[in-house]
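For reference, the structure discussed in these notes is given below.
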Amino acid sequence: MASLCGFALAFAALIAPASAGVRYPDCANGPLRSNLVCDTSADPAARAGALVAAMNNNEKLANLINNSPGVSRLGLSPYQWWNEALHGVAHNRGITWGGEFSAATQFPQAITTSAAFDDPLIERMGVIISTEARAFANNGRAHLDFWTPNVNPFRDPRWGRGHETPGEDAFRNKKWADAFIKGMQGPGPIHRVVATCKHYAAYDLENSGSTTRFNFNARVSTQDLSEYYLPPFQQCARDSKVGSIMCAYNAVNGVPACADSYLMDTVLRKHWNWTDDNQYIVSDCDAVYYLGNANGGHRYRPSYAAAIGASMEAGCDNMCWATGGTTPNAAAAFNARQFSQATLDRAMLRQMQGLVRAGYFDGPNSPYRNLGVRDVNTQAAQDLALKAAEEGIVLLKNDGVLPISLDGSNSQVAMIGFWANAADKMLGGYSGSPPFRHDPVTAARSMGINVNYVNGPLTQSYADTSAAVNAAQRSSVVIFFGGIDNTVEKESQDRTSISWPSGQLNMIQRLAELGKPVIVVRMGTHVDDTPLLSLPNVKAILWAGYPGQDGGTAIMNLITGKASPAGRLPITVYPSSYTNQAPYTNMALRPSSSYPGRTYRWYKNAVFPFGHGLHYTNFSISVGDTFPKILSIPDLLLSCNGVAYRDQCPFPSVPITVTNTGSRASDYVALGFLAGEYGPSPYPVKTLATYKRLFGIQPGQEQTAQLEWKLDSLARVDQNGNTVLYPGKYTLQLDEPMIANITFVLTGDEVVLDNFPQPPA
């Protein structure tokens with residue numbers, strides 16, 4: 001081993017800023033031309049192994065960070081692993097914007113697209129985002145690894161990053177993640193880009209008093225961990241084969257996630273078999289710094305070097321650092337024997353195999369290398385961004401005022417509120433530059449509507465209402481655009497209240513006193529709509545979340561009836577008193593005598609429940625009589641032939657017929673919730689088990705469909721975290737609120753579908 005001084009000097013000489021964008025190795029004429037890594041017919045593991053064998057320790061250690069300097073001796077250019085594309089190619093240090101690449105499609109945030117319950121749409125969205133990302137990369141403006149999606153369940157309504165996620169339900173998050181990863185990475189074997197599921201695990205707090213994400217210890221029972229916090233990551237790793245996973249800032253039961261071998265090795269890699277493609281784990285940015293002795297961190301290790309060693313030995317392969325910390329000195333940690341040679345080689349193998357699977361070494365004729373500027377901001381992409389927003393907007397209340405014709409006697413429309421012309425706010429966090437920004441005022445005027453626009457307050461406790469009242473008095477209809485935005489909910493910023501901001505509520509109340517119909521369009525995530533429901537002139541409420549580049553058009557299309565609402569809430573709307581009843585740091589899901597519980601599965605007093613969503617028409621639903629009423633558990637297990645995991649065994653599909661009994665064409669989301677007293681008590685109120693979106697059902701028309709599901713949708717999780725299929729009486733409730741149901745019985749002995757590994761004592 002080289003001396004410390006010589007080793008450090010050699011390491012420092014290798015450090016250089018990562019390039020603005022990817023520069024592919026020259027496998028035809030460059031230094032690697034005779035290395036097996038350039039042989040596209042060889043096994044990816046062997047290719048990566050040959051490359052790592054050609055690197056010396058100085059070179060390996062230098063490339064354990066997100067802004068890797070590359071290895072110039074081998075023709076490897078600097079590489080930035082940190083690229084973002086949460087809902088479109090985003091602004092961050094790995095991506096360079098400008099020239100022909102000055103814009104990229106910006107879809108709605110995940111919380112809005114999740115409300116569509118349209119997984120094929122999510123997959124198409126992933127295809128477009130990754131296509132544009134790869135086009136950026138091919139032109140030297142990005143790299144091939146993108147740290148998306150965020151699949152943490154939206155546990156608490158105060159969380160500032162909940163809008164980045166598909167919502168509060170673990171099953172919904174699993175399905176959304178699966179569709180998105182398929183779209184992002186492509187069908188294989190070469191990935192369009194490498195996706196990264198984040199943040200592993202139990203991460204859903206930014207700050208609460210003196211507790212921050214950098215020092216929070218999430219105390220989670222094994223049952224809740226297995227049942228709620230981990231299933232989206234199981235989907236990512238075991239079933240969707242995502243290329244990368246990011247470990248989180250927080251600790252779980254006393255161990256920082258990025259130093260937790262139980263989570264990263266025992267559960268993720270061994271139990272979920274996330275080893276087939278030798279995928280890599282990256283730390284959240286500065287997470288390794290904060291698990292050491294940094295102020296405000298976990299102080300899990302006495303030094304930065306010891307923290308690096310703990311993280312690497314536990315299974316982390318790449319350390320991201322940002323402005324909050326300092327550059328990880330992997331060489332110093334290695335020289336101090338904080339991690340081993342085998343661990344160093346393992347980390348490099350995982351990173352390089354990821355690049356092999358992304359076609360990094362495959363030459364100009366490899367898949368996806370032909371993508372360019374012509375594949376960015378296509379008409380198809382823009383159409384899908386609009387469709388995603390229209391499908392995800394939820395009609396919460398309608399007293400018959402919507403849809404409304406905004407011409408003739410209704411030609412003067414008051415559009416009031418800070419969201420009405422705030423196009424940038426509609427993008428939300430982790431956004432890029434869209435090709436256009438259509439806010440509601442812009443969209444309304446493009447439709448020929450005469451708009452009387454007045455701005456409104458955001459968080460102010462008081463606002464002058466005179467201009468808003470004047471505009472409303474000159475109009476036949478009043479539309480108020482409000483809620484919250486990324487100035488109050490975002491990364492590093494949680495809320496303490498989920499009430500409507502008082503200045504906005506006062507303005508809505510004043511407008512409602514005028515005797516004209518008021519339509520409220522609520523943006524952002526959680527606020528308590530109870531005060532609005534008591535105002536008789538608030539005739540309709542729409543929730544749009546963060547609807548993306550064409551959100552204004554989508555909103556106005558729904559208000560005017562050019563599109564029909566069919567979205568369903570992916571979250572529970574809690575009363576404002578909930579924040580006084582449920583301590584933010586309490587990770588428990590099940591209720592007690594002094595605790596209300598979390599999510600629709602356990603909480604019973606919602607303002608609007610998970611799955612709520614109205615239409616401009618009416619539907620009836622019936623279940624075909626071919627569905628069996630009694631099923632044998634042993635017989636069900638016989639259908640598992642060829643299925644790798646028993647929880648993924650198919651269960652008989654449910655035939656349904658949906659009839660539009662109203663007068664307007666509309667989509668319809670069929671939601672199936674299971675309820676029953678089977679398995680361990682307490683019993684959840686109900687659990688989402690299956691769903692399907694049906695499209696364009698005309699008045700008087702019937703559509704048939706099959707609700708598909710698997711054994712994991714019927715199973716419960718016991719106190720040890722095991723997934724168990726229990727005998728008993730099951731009721732499938734259709735829709736929210738329920739409009740039809742079927743009951744069936746499972747017979748036989750209970751069967752463990754998945755034995756969850758127990759945490760260390």
**Study point:** region 459-523: C-alpha gyration tensor shape, a/c 1.5 cut-off, then a/b vs b/c
**Key:** prolate
Exercise for review: May I ask you to list the lysines whose Cα is less than 23 Å away from that of K539, ignoring any residue fewer than eight positions away on the same chain?
Suggested key: K397, K516, K562
**Study point:** For region 137-186 versus region 428-446, the gap between their alpha-carbon centres in whole angstrom
**Key:** 22
Practice item. Quick one: of K604/K710; K174/K425; K387/K629, which pairs are farther than 31 Å apart, Cα to Cα? Key: K387/K629
Revision key, fill the gap. Quick numbers on region 619-754, Rg and Dmax over C-alpha atoms in Å, give 16.1, 51
Review point. Quick one: of the DSSP bridges fully inside the chain, what percent are antiparallel, nearest 5?
Key: 60
Revision key, fill the gap. Computed over the Cα atoms of region 387-581, the Rg and Dmax in Å are 15.5, 50
Revision key, fill the gap. By the mean-Cβ-within-10 Å protection proxy, highest first, 244-253, 725-734 rank as 244-253, 725-734
Study note, to complete from the structure: FRET efficiency (V488, F627; Cβ distance; R0 56 Å; to 0.05) is 0.75
Review point. Which of the aspartates and glutamates could be linked to K175 by a straight reach, that is with a Cα gap under 13 Å, when you skip same-chain ones fewer than 8 residues away?
Key: D118, D119, E123, D239, E708, D712
Check your understanding: Rounded if a/c is under 1.5, else prolate if a/b beats b/c, else oblate: with a ≥ b ≥ c from the C-alpha gyration tensor eigenvalues square-rooted, which is region 4-375?
Key -> oblate
Review point. Using just the C-alpha positions of the chain as equal point scatterers, what log10 of I(q)/I(0) does the Debye formula give at each q in 0.05 1/Å?
Key: -0.26
Review point. Given a Förster distance of 41 angstrom, what is the FRET efficiency for S405 paired with T743, based on the Cβ-Cβ distance and rounded to 0.05?
Key: 0.40
Point to revise | Range of Cα positions in region 183-305 per principal axis (Å), largest first | key: 45, 32, 24
Exercise for review: Classify region 472-583 as rounded, prolate or oblate from the Cα gyration tensor: take a ≥ b ≥ c as the square roots of its eigenvalues, call it rounded if a/c is under 1.5, otherwise prolate when a/b beats b/c and oblate if not.
Suggested key: oblate
Exercise for review: Quickly rank 376-389, 299-312 as a protection proxy: mean count of other C-beta atoms within 10 Å, highest first.
Suggested key: 299-312, 376-389
Review point. Among 191-204, 608-621, how do they line up from the highest to the lowest mean number of other beta-carbon atoms within 10 Å?
Key: 191-204, 608-621
Exercise for review: Would you mind getting me the FRET efficiency between S653 and K270? Use the beta-carbon distance for r and R0 = 35 Å, nearest 0.05.
Suggested key: 0.60
Exercise for review: Post the alpha-carbon centroid distance, region 229-301 to region 307-343, in whole angstrom.
Suggested key: 14
Review point. Going by how many other beta carbons lie within 10 Å of each one, how would you line up W82, W709, fewest first?
Key: W709, W82
**Study point:** region 504-518 versus region 703-761: alpha-carbon centroid distance in Å
**Key:** 46
Point to revise | Gain on full stretching of the segment that runs from E677 to N455 - 0.36 nm per residue minus C-alpha separation | key: 74.8 nm
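FYI, it's all coordinate maths here, none of it is from the lab. These figures come from a predicted structure and were not determined experimentally. A quick note on method: Cβ atoms are made from the backbone with ideal geometry, for glycine too, and the neighbour counts reach across all protein chains shown.
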